[in-house]
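To start, the structure itself, in structure tokens.
The values are calculated or read from the model by the stated rules, or taken from the named source; none is laboratory data. This is a predicted model, so every value here is computed, not measured. Cβ sites come from the backbone with ideal geometry, for glycine too, and all protein chains shown count toward neighbours. SASA here: full protein model, heavy atoms, side chains in, ligands and nucleic acids out. Shrake-Rupley method; radii C 1.70, N 1.55, O 1.52, S 1.80 Å.
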Amino acid sequence: MIGARTRWAAVWGDPVDHSASPALHNAAFAALGIDAIFLAMQVPADRLADAVAGARALRPLGLSVTVPHKRAIAGLVDALAPPADRIGAVNCIEVRDDGGLIGHNTDAGGFADAVGDVRGARAVVLGAGGAARAVAAGLADAGAADVTVIARRPDRVDWTAARPWTAAELARLAPAADLWVDCTSAALSADRESAVPAPVPVDALAAHATVASLVYHRVPALLAAARARGLRTVDGRAMLLHQGARALRIWTGRQPPLDAMRAALDAALGPAGS
């Protein structure tokens with residue numbers, strides 16, 4: 001029951017009504033017996049600085065940040081913890097007792113947690129936006145031997161040496177890849193998937209390869225094709241779970257109840273793989 005001592009946490013975004021974070025974190029609070037509630041708050045870009053000032057005054061238990069604020073919020077907090085300082089994007093805010101705000105990026109480590117042991121792996125990342133940068137950082141920090149980024153416009157990528165998105169380049173990389181990750185926004189919509197410069201040659205991937213996507217509300221064509229071949233796949237639900245678990249640990253210092261959080265996601269989004 002919500003009372004005078006109930007703490008609050010929230011995810012900020014615009015739009016944010018689609019977010020599964022409230023289901024994820026409210027299940028965690030309940031499982032751990034934490035007297036707190038997690039809310040989704042729509043924060044327009046022109047009010048982000050006001051929201052930050054409010055957080056300093058109200059001192060919530062913690063904050064999550066989603067699109068389109070992950071880069072902008074990095075310039076509004078007091079300090080950036082690794083790897084947010086390298087990525088330049090924040091998706092989790094730690095609120096200190098004195099109102100100080102520390103920006104974290106749990107997307108990077110959350111993706112690595114989702115895919116498992118990547119030590120020595122050769123990874124290919126499709127896309128070069130903020131999500132791809134976090135994934136690449138997470139894989140490098142987790143010990144991947146090589147992370148190759150494929151971009152539509154590699155000459156415009158200023159954070160790594162990207163390769164061109166061509167059928168020839170994908171065909172060259174596919175046989176040796178241990179992990180293939182789609183970080184593009186095209187996978188968000190079935191109508192946009194056909195607009196990619198060249199499709200991933202799934203038939204050329206090794207039998208041991210893992211194929212991953214950051215999309216969690218539908219099964220994109222790449223994952224469907226990989227599953228049809230019998231390859232291991234990881235969808236965005238796993239990353240959402242593990243980045244949220246890392247955020248919970250930052251806010252509370254408690255061990256995240258992964259089973260309860262996973263069940264809450266399945267209840268909110270439907271069974272995994274649907």
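When the residues of the stretch 155-164 are filtered to those that are at pLDDT below 95, more than 20 Å from A121 (Cβ to Cβ) and over 19 Å from the mean Cα position of the chain (by Cα), which remaining residue is surrounded by the most Cβ atoms within 10 Å (Cβ to Cβ)?
Per the criteria, the residue is V157.
Being touching a Phe, Trp or Tyr at 6+ places or on another chain (Cβ under 7 Å) and without any contact (Cβ under 8 Å) to a residue 60 or more places away in the chain, is that true of even one residue in the stretch 55-63? Steps first, answer last, please.
Start the filter on the stretch 55-63 by keeping residues that are touching a Phe, Trp or Tyr at 6+ places or on another chain (Cβ under 7 Å), which leaves 60-63.
Adding the requirement that they be without any contact (Cβ under 8 Å) to a residue 60 or more places away in the chain leaves 60, 63.
So far as the stretch 55-63 goes, yes, one or more of its residues are touching a Phe, Trp or Tyr at 6+ places or on another chain (Cβ under 7 Å) and without any contact (Cβ under 8 Å) to a residue 60 or more places away in the chain.
Sort through G143, G129 and tell me the only one that's surrounded by fewer than 18 Cβ atoms within 10 Å (Cβ to Cβ), without any contact (Cβ under 8 Å) to a residue 40 or more places away in the chain and under 21 Å from the mean Cα position of the chain (by Cα). So that I can check it myself, show each step before the final result.
Numbers: G129 fails: without any contact (Cβ under 8 Å) to a residue 40 or more places away in the chain.
Answer to the check: G143.
Which of the residues spanning the stretch 1-47 are touching a helix residue (DSSP H, G or I) at 6+ places or on another chain (Cβ under 6 Å), modelled with pLDDT of 95 or more and not in a strand (DSSP E or B)?
Correct list: A23, L24, A27, A28, A31, V43.
Is one or more of the residues making up the stretch 86-101 open to solvent by 40 Å² or more (accessible area, probe 1.4 Å), assigned to a helix (DSSP H, G or I) and over 17 Å from A247 (Cβ atoms)?
Yes, that holds for at least one residue.
Please go through the stretch 196-212 and give me each residue that is under 24 Å from R153 (Cβ atoms) and of a type outside the set (A, V, I, L, M, F, W, C), ordered by number.
P197, P199, P201
All but one of (1) more than 22 Å from the chain's Cα centre (by Cα); (2) at pLDDT 95 or above hold for V95; state the number of the condition that does not hold.
The single condition V95 does not satisfy is (1).
Identify, please: which residue in the stretch 165-182 is in contact (Cβ under 8 Å) with a residue 12 or more places away in the chain, over 17 Å from A209 (Cα atoms) and among the hydrophobic types (A, V, I, L, M, F, W, C) and is, among those, surrounded by the fewest Cβ atoms within 10 Å (Cβ to Cβ)? Quick ask: steps written out before the conclusion?
In the first step, residues of the stretch 165-182 are kept if they are in contact (Cβ under 8 Å) with a residue 12 or more places away in the chain; the result is 165-167, 169-171, 173-182.
Within this subset, residues satisfying the condition of being over 17 Å from A209 (Cα atoms) are 165-167, 169.
Checking the rest, the ones that are also among the hydrophobic types (A, V, I, L, M, F, W, C) come to 165, 167.
Values: W165: 20, A167: 12.
The selected residue is A167.
Of the numbered conditions (1) open to solvent by 30 Å² or more (accessible area, probe 1.4 Å); (2) in a helix (DSSP H, G or I); (3) modelled with pLDDT of 95 or more; (4) more than 15 Å from V181 (Cβ to Cβ), R254 fails exactly one; give the number of that condition.
Here R254 clears every test but (2).
I'm trying to understand the selection: among the residues of the stretch 106-135, which are in a loop (DSSP other than H, G, I, E, B) and of a type in the set (K, R)? Give the steps one after another, and end with the answer.
To start, the set of residues in the stretch 106-135 that are in a loop (DSSP other than H, G, I, E, B) comprises 116-121, 127-129.
Passing the criteria: only R119.
Identify all residues within the stretch 139-167 that are farther than 13 Å from L179 by Cα and in a helix (DSSP H, G or I); write none if there are none.
Answer for the stretch 139-167, where residues must be farther than 13 Å from L179 by Cα and in a helix (DSSP H, G or I): D141, P154, D155, R156, A167.
Quick check on my filter: what residues within the stretch 221-269 are over 19 Å from the mean Cα position of the chain (by Cα) and among the small types (G, A, S)?
A221, A224, A225, A226, A228, G230, G253, A260, A267
Quick test of your reading of the structure: A212 fulfils all but one of (1) within 22 Å of R119 (Cα to Cα); (2) part of a helix (DSSP H, G or I); (3) open to solvent by less than 60 Å² (accessible area, probe 1.4 Å). Name the failing condition by number.
(2)
Give me the pairs: first residue in the stretch 1-14 and open to solvent by 50 Å² or more (accessible area, probe 1.4 Å), second residue part of a loop (DSSP other than H, G, I, E, B) and of a type in the set (A, V, I, L, M, F, W, C), beta-carbon distance under 9 Å, and six or more apart or on different chains, which are they?
From the stretch 1-14, the pairs are R7/I34; R7/L61; W8/L61; D14/V43; D14/V67.
Mind listing just one residue for me: the one in the stretch 50-77 that is farther than 23 Å from R5 by Cα and surrounded by fewer than 14 Cβ atoms within 10 Å (Cβ to Cβ) and, of those, farthest from the chain's Cα centre (by Cα)?
Residues of the stretch 50-77 farther than 23 Å from R5 by Cα: 50, 65-77.
Adding the requirement that they be surrounded by fewer than 14 Cβ atoms within 10 Å (Cβ to Cβ) leaves 50, 75.
Values: D50: 25, G75: 20 Å.
Residue satisfying both the conditions and the ranking: D50.
Residues of the stretch 234-251 being farther than 22 Å from R59 by Cα, in a helix (DSSP H, G or I) and in contact (Cβ under 8 Å) with a residue 24 or more places away in the chain, which ones?
First pass over the stretch 234-251, keeping only residues farther than 22 Å from R59 by Cα: 234-242.
Now drop any that are not in a helix (DSSP H, G or I), which leaves 236-242.
If the condition is that a residue be farther than 22 Å from R59 by Cα, in a helix (DSSP H, G or I) and in contact (Cβ under 8 Å) with a residue 24 or more places away in the chain, then R237, A238, M239, L240, L241, H242 are the ones that fit.
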